[in-house]
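Notes to accompany the following structure.
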Amino acid sequence: MQDNEKKPALRFKGFTDPWEQRKLGEVFEEYSEKNHAELPPLTIIQGGGTIRRDESERALQYDKSSLSNYKMVNKDDFIVHLRSFEGGLEKASSQGIISPAYHTFHGEDVDSRFYYAYFRSKKFINKDLKPHVYGIRDGRSIDIEGMKTIRIPWASYPEQKSIGDFLTHLDTLITLHQRKYEKLVNIKKSMLDKMFPKNGASVPEIRFKGFTDLWEQRKFEEIAVRSSVMSDKKGLPRVEYEDIISGAGRLNKDIKLKESEKVGIVFHKGDVLYGKLRPYLQNWLLASFNGLAVGDFWVLQPQNTDSSFLYRLVQSQQFDGVANQSTGTKMPRADWKLVSKTKFAMPHSVDEQAAIGAYFEHLDTLITLHRRKLEKLQNIKKSCLEKMFV
């Protein structure tokens, strides 16, 4: 086999010919066509193609009188933009005009989806493109002539299309699960707002059927007490800040496999761990096991309160607002004196507390399920990209 011929580890059935390695400048031709002010100006969305500037959420200012100097780009052609040194080449989602500082490339008999995946791969950015990047920090630029000498994979058009079709299908599934996940996260945020009273109200906006009593105002120190029992007992799992997924209330690893002799605050199943350091990071956890909380945690033990309800209370807008009235500037911490004396509305009925806790527990389970599906699909794509290209 010649040096410029290789085969990927993973291929679709029916394709057996070796791939060639061709110079980028041989596969794609740079073009610079101006005087198309009638076309819509486009903005780069790194990793997301292009969007019309008048549809962008960002208020981008530009001199309309200079549009004739902008470069035309056709749909599916590639763009080298100001951040390509870290994000790879971008692909035009539609025809339009782009900044004259950008470079545009067109290829004949290529499937742009195939090359878009390659031009955004870590191999291309960190290995192939890197030698042609000059400058420092945000002032880095790409030597375009040098970039054109990079050897890139060349497969037959039918094989390019098969890979492009597959990646498009995978991206569609990823987008679908991403939207489902984001929708559930937004539902939870909305329900936390509506299922806890606000602005001094005595009942929440939304309640479960069968509960009609007014909620009562209780100081937080009457709802939960803060444990301060310290221990370095061997065999107890240690929970640290780095172990919790911010805002999700889930562990990112099996902490029982960690080997540690650090001293921590004792917690028991049903206790709530709340990260008091930089409370805006939202490091909280409802303990499902006994262990030690290492670092700046409050270990909250519910008092005549359903633990699942307490866990959701610390996620509420009111609690978040009070906790973030923190002390310190560089290392802000929630103020226990302030939080403990603050009154929060609570249902007197433990059954209503449990019903609210169970509802959010179910919602959290769905969120976790869709997050895992999303991560699985993203990992599948990552693995395929590593094995389907050479």
Tell me, what is the FRET efficiency for Lys161 and Asn290 to the nearest 0.05, using R0 = 56 angstrom and their Cβ-Cβ distance as r?
-> 0.50
Before anything else, pin down the relative contact order of the chain: Cα pairs under 8 Å, at least 6 apart, normalised by residue count, whole percent.
-> 15
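How much net charge surrounds Phe105 when only the other residues with a Cβ under 12 Å from the Cβ of Phe105 are counted, with Lys and Arg +1 and Asp and Glu -1? Don't skip to the answer; put the middle values down first.
Numbers: positive: Lys71, Lys91, Lys148; negative: Glu26, Glu29, Glu30, Asp76, Asp77, Glu90, Glu108.
Residues near Phe105 contribute -4 overall.
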Give me Rg over Rh for the stretch 216-346, both radii from the alpha carbons and Rh done the Kirkwood way, two decimal places.
-> 0.95
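Between Glu145 and Lys330, take the C-beta separation as r, use R0 = 45 Å, and let me know the FRET efficiency to the nearest 0.05. Could the numbers behind the result be given before it?
Details: r = 47 Å, r/R0 = 1.03.
It comes out at approximately 0.45.
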Report, in whole Å, the centroid distance computed from the Cα atoms of the stretch 237-302 and the stretch 86-123.
-> 44
How high is the relative contact order of the stretch 132-251, given as a whole-number percent (alpha carbon pairs under 8 Å, six or more residues apart)?
-> 8
The list (i) 53; (ii) 58; (iii) 64 gives values of percent of Cα pairs over 27 Å apart, and only one came from this structure; which label was calculated from it?
-> (iii)
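Quick one: Lys23, Lys71, Lys233, fewest Cβ neighbours within 10 Å first, how do they rank? It would help to have the intermediate numbers written out before the result.
On the way: Lys23 15, Lys71 19, Lys233 12.
So the residues, fewest neighbours to most, are Lys233, Lys23, Lys71.
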R0 of 30 Å, Cβ-Cβ distance Leu369-Lys256: FRET efficiency to nearest 0.05 | 0.85
Between Lys13 and Val185, what is the spin-label point distance in nm, taking each point 7 Å from the Cα along the Cα→C-beta axis?
-> 3.9
Where does the charge balance sit around Lys233 when Lys and Arg score +1, Asp and Glu -1, over other residues with C-beta under 15 Å from its C-beta?
-> +2
List the residues of the stretch 80-97 whose backbone N lies under 20 Å from a point placed 7 Å from the Cα of His36 along the Cα-to-Cβ direction.
-> 80-82, 89-97
Counting other C-beta atoms within 10 Å, which of Ile97, Ile174 has the fewest, and how do the rest follow?
-> Ile174, Ile97
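Report the extension gain between Ala101 and Lys198 in nm, rounded to one decimal, defined as 0.36 nm multiplied by the number of residues separating them, less their alpha carbon distance.
Values: separation 97, 0.36 × 97 = 34.92 nm, distance 5.09 nm.
The Ala101-Lys198 span can extend by a further 29.8 nm.
Using the C-alpha atoms of the stretch 18-155, what convex hull volume per residue, in cubic angstrom, is computed? Please list the in-between numbers first.
Details: hull volume 15.5 nm³, N = 138.
Convex hull volume per residue, Cα atoms: 113 Å³.
Cut-off is 10 Å between beta-carbons; in what order do Lys7, Lys381 appear when sorted fewest neighbours first?
Details: Lys7 13, Lys381 17.
Sorted ascending by nearby Cβ count, the order is Lys7, Lys381.
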Check Lys6: other-chain or 5+ apart residues with amide H under 5 Å from its amide H, H built from backbone geometry?
-> Trp19, Glu20
Per-residue ³J(HN,Hα) for the stretch 131-143, Karplus 6.51 cos²θ - 1.76 cosθ + 1.60, θ = phi - 60°, Hz, x for Gly and Pro | x, 9, 9, 10, x, 10, 6, 6, x, 5, 9, 10, 6
When Lys and Arg each count +1 and Asp and Glu each count -1, what net charge do the other residues less than 11 Å away from Pro332, Cβ to Cβ, add up to?
-> +2
Using modelled amide H (1.01 Å from N, peptide plane; none on Pro or chain starts), what sits under 5 Å from the amide H of Phe297, excluding residues fewer than 5 places away?
-> Lys276
Computed over the stretch 209-315: relative contact order in percent, which uses C-alpha pairs under 8 Å that are six or more apart | 32
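Using only DSSP helix segments of four residues or longer, with each worth -39500 (n - 2.57), what per-residue ellipticity at 222 nm results for the chain after dividing by its residue count and rounding to 500? Numbers along the way, then the final one.
On the way: 10 runs with 120 residues, N = 390.
Computed mean residue ellipticity for the chain: -9500 deg cm²/dmol.
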Among Ser121, Ser65, Ser99, the residue with the largest mean-square fluctuation in a Gaussian network model of the chain built from Cα contacts under 10 Å is Ser65
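Quick note: the coordinates plus some simple rules give every number you see, no bench work behind them. Remember, predicted model here, so these are calculated numbers, not experimental data. Here Cβ is always computed from backbone atoms with ideal geometry, including for glycine, and neighbour counts include all displayed protein chains.
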